[in-house]
Amino acid sequence: MELIIGLAVVALIAVFFISQYNRLIRLNITVDEAWAQIEVQLKRRADLIPNLVETVKGYAKHEQSTFDAVVTARAKATTATTVADTAAADGMLTQALRGLLAVAEAYPDLKASANFMSLQEELATTENKVAFSRQFYNDNVRSLNTAVKTIPSSFFAGFAKVTEREFYEVEDPQDRNVPNVSFN
Amino acid sequence: MQAANRRKTIGLLMGMGVLMWLVVYAALTYFGGSGAGIVPIAVGISLISVWGSYYGSDKLVLTMTGAKLIQESDNPKLFDLIQEITIASGLPMPKVAVVIDDAPNAFATGRNPEHALIAFTTGILDVMDRDQLQGVIAHELAHVANRDTLVSAVAATTAGAIAIVSDILARMMFFGGRRDRDSQANPIALLISLVVLILAPLAAVMLKSAISRKRESLADATAVSFTRNPAGLRSALEVLAADSTVVQQRSTAVAHIWIESPLDAKSVSKMFSTHPPIQERIAVLKSMEQLGN
């Protein structure tokens, strides 16, 4: 009898250890996947830009400074590797693209062209996808960091080689406000 | 909001369990030992019928609603919008279907996120703008994320089992009556158990509807956590509220899966409706918008 109780206790402790360890590993993998998703969407946006710039150039030749800003920001965005650098370049590019679209407003022929309209739609959905992938990444980083810092999962963080991760913070005053939803 | 709705769902499912237990207890009081054998049979029958529809829900609902699966090339804009929400929620890409019907409506089904299906009527795709459609998609994928097909299957199984038990017992009463007539059972207890057996199926249907309503409110809240934009879903619901057309097929069997109930809300009392009143949902989303500003 004592033996069975002893074994049961050991088994319960083992299950607890394994579930804590696996939870941390799972959270860490989700953050990696969320990061990969951001990179996919940023790449998608970077691929759209040359085409967009060429299209706008066709109608608005004298806006060289705007084009330069977009091209520089794109170059920065495609070479960045760390979370902070990527986020900074992402913010700059978002800003530069907004400038480009503002320029387009002044050219009715450009705005009416089918090519520009389809590029604009594609850019809009890509911007949304970038924003949502950021949001998903940050939500998961928050869960991971909470797990790494709170008891009991914090005891297993070192063993699982899981550490706190960096948030993806874009400096953009015009960024959509996150509504403060109260859960009660 | 989300946590409260989840707690209420668990409470209601537990209520179902208690009701089931009450029925069993009443059956035992009324019929003695012979009533006990019915319960596993009833649960079995109900489990088989509901499990079948749960497991094949994506295919079954396609046939029941006449929805047609579409590919990305058929409607790239719709697929873009859906991809946006799958990125926001971390869910896999669902199958997408269209129902040819002018009434604006949409639904989601599937036994797990990997087998999810979301469908839209041609009406909803025509009348809604980008933000509204995004809200609707988020609401449907929220059902997928919250595993509402499973929740409603569990609710339907218990309600079905309770209905079968009381049906069989009603027949036994009619044909044989109580077997142990000479026992010293308390007549008040007998009367109570009789009332329980008669009222239980009604209570089960009411509980099932209450669960469905809670899951709708939960899906609205989860949708906002995906899009962080309550205004989109709110204005989509306003479009649905203003529209008086209803989906042609009005099968009650699939009424609960649409974003707006296809059954005429006025003819059914609130206790039995599968959706919370749409004005109430709009008011909740409006209060979320105010919190955001």
Which strands (runs of 3 or more DSSP E) does the range B:81-124 wholly contain that include 3 or more residues that are surrounded by fewer than 24 Cβ atoms within 10 Å (Cβ to Cβ), in the same structural domain as B:Asp220 (by TED's automatic domain parsing) and among the hydrophobic types (A, V, I, L, M, F, W, C)? B:95-99
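Would you check which residues across the range B:64-80 are within 14 Å of chain A (Cβ to nearest Cβ) and in contact (Cβ under 8 Å) with a residue 24 or more places away in the chain and list them?
Once the filter is applied, which keeps residues that are within 14 Å of chain A (Cβ to nearest Cβ) and in contact (Cβ under 8 Å) with a residue 24 or more places away in the chain, the range B:64-80 yields B:Asn75, B:Leu78.
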Does the range A:22-39 contain at least one residue that is free of Cβ contacts under 8 Å to residues at least 60 places away in the same chain, within 14 Å of chain B (Cβ to nearest Cβ) and of a type in the set (Val, Ile, Thr)? yes
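One line per residue, one yes/no per condition, for (1) outside any helix (DSSP H, G or I); (2) closer than 21 Å to B:Pro76 by Cβ; (3) more than 14 Å from chain B (Cβ to nearest Cβ):
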| position | (1), (2), (3) |
| --- | --- |
| A:Thr86 | no, no, yes |
| A:Ala89 | no, no, yes |
| A:Leu100 | no, no, yes |
| A:Phe116 | no, yes, yes |
| A:Ile151 | yes, no, yes |
Residue under question is A:Thr150, and the condition is that it be modelled with pLDDT of 85 or more and over 15 Å from A:Gln41 (Cα atoms); does it hold? yes
Would you please list the contacts, defined by Cβ atoms under 9 Å and residues six or more apart or on different chains, that run from a residue in the range B:15-36 that is at positive phi to a residue that is at pLDDT below 75 and charged (D, E, K, R)? B:Gly32/B:Arg178; B:Gly32/B:Arg179; B:Gly32/B:Asp180
Please verify whether the range A:125-143 includes one or more residues that are crowded, with 19+ Cβ neighbours inside 10 Å and modelled with pLDDT under 85. no
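The values are calculated or read from the model by the stated rules, or taken from the named source; none is laboratory data. Everything quoted here is computed from the prediction, not taken from an experiment. Glycine gets a Cβ as well: all are built from the backbone with ideal geometry, and neighbour counts include every protein chain shown.
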